[in-house]
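Beneath this line is the structure, given in structure tokens, with notes to follow.
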Amino acid sequence: MTEKEYNTRQTQNYALCPKCLSRIYRNPKDRDNSIIPLINNTQKCSICNNLLLNEDKIFKLILKKIKMLKIEFDTFLIATQINNQTITKNQKEIYKITNYHGNNDIKHQIRRDISRLIEEKLGKTYDYKNPEVVIMVKIRKKPYKHNPYPEISNVNIFIDSNPIFIEGKYRKLVRGIPQTKWPCTQCKGKGCEACDYTGQQYKDTVEDLISREILPMTNGNTTKFHGSGREDIDVRMLGEGRPFVIEVKHPFKRKIDLKFLRVLVNSHSDGKIEINDLKYVTKERKASIKNSSVESYKIYSAIAEFENGVTSKDIYNIEKLKTIDQRTPIRVEHRRADLIRTREIKNIEVERINSKKLHLIIKCQGGLYIKELISGDNNRTKPSVSSITNNQAECTQLDVLKVHIPE
Ligand SMILES: [Zn+2]
Ligand SMILES: [Zn+2]
């Protein structure tokens, strides 16, 4: 048997649709000489089973899904998944027979053709790098029950939407609220009598007070909160507020009125928190908001109470504090590496309240623990307000007045 006869025997059962044929032969002349014929009216394409001739129906299926989910987007990407042995097997076989070595397969063709339809008919933009939604065209062997089109009954559409990121600043006007979710210490988040079966130690968190407004507005799934540092539960965040980025996962509505979001959060949080300066940002911002650089600093207002009376000389010495070595405080040791960090104090202003009580305004580098700067934390922070006055002091009230990070 000659090679030609062998090929003929191999190909006699195969026929291709015009789209699959022109994928293999880019030159129209070569198509006429193809060893595999074009399908006639009664045949089905051996690779795509005429799927590519029914792309308008795949498009309609996508449209149905978009409407059903009420999903809004401007940019998209098409993904394909083929769980159909016949397509993969035949395509491989036919590429071998026709000596096709390109990598433009049926998946590429679907992605390209459907992308063009969505761009033309819906006015959306294809975006490979940063799509707002990913539209998955899934093709399997068995038909899908609720698919209304018999020609493409084995096709189904899945749409996933990438997160949105909103930056702002929050002020925490009361004590006793953590920044993010805090699982109940008794049940570890499972839900018990102590936490009223919420699984949460605190009813309100800064994140939750925002996410309970933002989720219904975006029809999103969950939020993730990225703060530029955090204050303790018993510390207020005043001044302009602390920068944060809130990430909304799987939002079906991406463009929301941020002014309205602000009004909702501020009016529904009973004076507990206030958010300002909201704007959309890219996902890169969530990392840069967390990294403290040399330009970043914080200003605190602290009340220090001493065991014994404080002299004017003590106040002079406190105002002279500049560089301290701070070993990881005992109270956070379980969640932070045990290290000694050198931290700079830019400025301390002291105001006397009474003989044993001072009001301190402290401007310092980020990452400095103020409560321990005052108490000395059993000599783990050196020098401290306690050590230089030789008078044990405790921080009895703390507020953050400013968190400065580079824009
Ligand atoms: Zn085909
Ligand atoms: Zn519990």
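Numbers for the structure displayed
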item: Qualifying residues in the range 15-69 (those that are closer than 25 Å to V134 by Cβ and among the basic types (K, R)) - the one nearest to ligand 2 (Cβ to nearest atom); result: K65
item: Residue that is surrounded by the most Cβ atoms within 10 Å (Cβ to Cβ), among those in the range 274-289 that are more than 13 Å from the chain's Cα centre (by Cα) and within 20 Å of R171 (Cβ to Cβ); result: I275
item: Candidate set from the range 127-149 (those that are under 30 Å from G227 (Cβ atoms) and part of a strand (DSSP E or B)); member that is farthest from the chain's Cα centre (by Cα); result: V134
item: Per-region count, the range 279-309, residues in contact with a Cys (Cβ under 8 Å, 6 or more places away or on another chain) and either on the phi > 0 side of the Ramachandran plot or hydroxyl-bearing (S, T, Y) (or both); result: 2
item: Of all residues in the range 146-198 being hydrophobic (A, V, I, L, M, F, W, C) and within 16 Å of ligand 2 (Cβ to nearest atom), the one that is nearest to N219 (Cα to Cα); result: W182
item: Failed criterion for I110 (all others in (1) part of a loop (DSSP other than H, G, I, E, B); (2) within 16 Å of P18 (Cβ to Cβ) hold); result: (1)
item: Whichever residue in the range 352-407 is outside any strand (DSSP E or B) and hydrophobic (A, V, I, L, M, F, W, C) and, among such residues, is surrounded by the fewest Cβ atoms within 10 Å (Cβ to Cβ); result: I388
item: Residue match in the range 167-174 (condition: surrounded by fewer than 18 Cβ atoms within 10 Å (Cβ to Cβ) and not assigned by TED's automatic domain parsing to the domain that holds L77); result: yes
item: Filter pass, T205 being under 14 Å from the mean Cα position of the chain (by Cα) and of a type in the set (S, T, Y); result: no
item: Criterion (closer than 20 Å to K107 by Cβ, hydrophobic (A, V, I, L, M, F, W, C) and within 13 Å of ligand 1 (Cβ to nearest atom)) met by exactly one of L51, L61; result: L51
item: Candidates I78, I71, I94 - the one that is part of a helix (DSSP H, G or I), modelled with pLDDT of 90 or more and of a type outside the set (G, A, S); result: I94
item: Test: residue in the range 52-65 that is outside any helix (DSSP H, G or I) and buried (at least 16 other Cβ atoms within 10 Å of the Cβ); result: no
item: Qualifying residue in the range 298-313 (condition: outside the structural domain of P243 (by TED's automatic domain parsing), of a type in the set (D, E), assigned to a strand (DSSP E or B) and within 30 Å of E167 (Cα to Cα)); result: no
item: Output for the range 123-132, where each listed residue is surrounded by fewer than 14 Cβ atoms within 10 Å (Cβ to Cβ) and under 14 Å from I66 (Cβ atoms); result: G123
item: Spans of strands (runs of 3 or more DSSP E) in the range 211-297 with at least 1 residues among the hydroxyl-bearing types (S, T, Y) and under 28 Å from G366 (Cα atoms); result: 222-227, 273-281
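Residue-wise test of (1) under 21 Å from the mean Cα position of the chain (by Cα); (2) within 16 Å of ligand 1 (Cβ to nearest atom); (3) at positive phi; (4) free of Cβ contacts under 8 Å to residues at least 40 places away in the same chain.
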position	(1), (2), (3), (4)
I114	no, yes, no, no
E119	no, no, no, yes
T125	no, no, no, no
E151	no, yes, no, no
T185	no, no, no, yes
G189	no, no, yes, yes
G199	no, no, yes, yes
I214	yes, no, no, no
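The values are calculated or read from the model by the stated rules, or taken from the named source; none is laboratory data. None of the values given here were measured: they were computed from a predicted structure. Every residue, glycine as well, gets a Cβ built from its backbone with ideal geometry; the counts of neighbours run over all protein chains shown.
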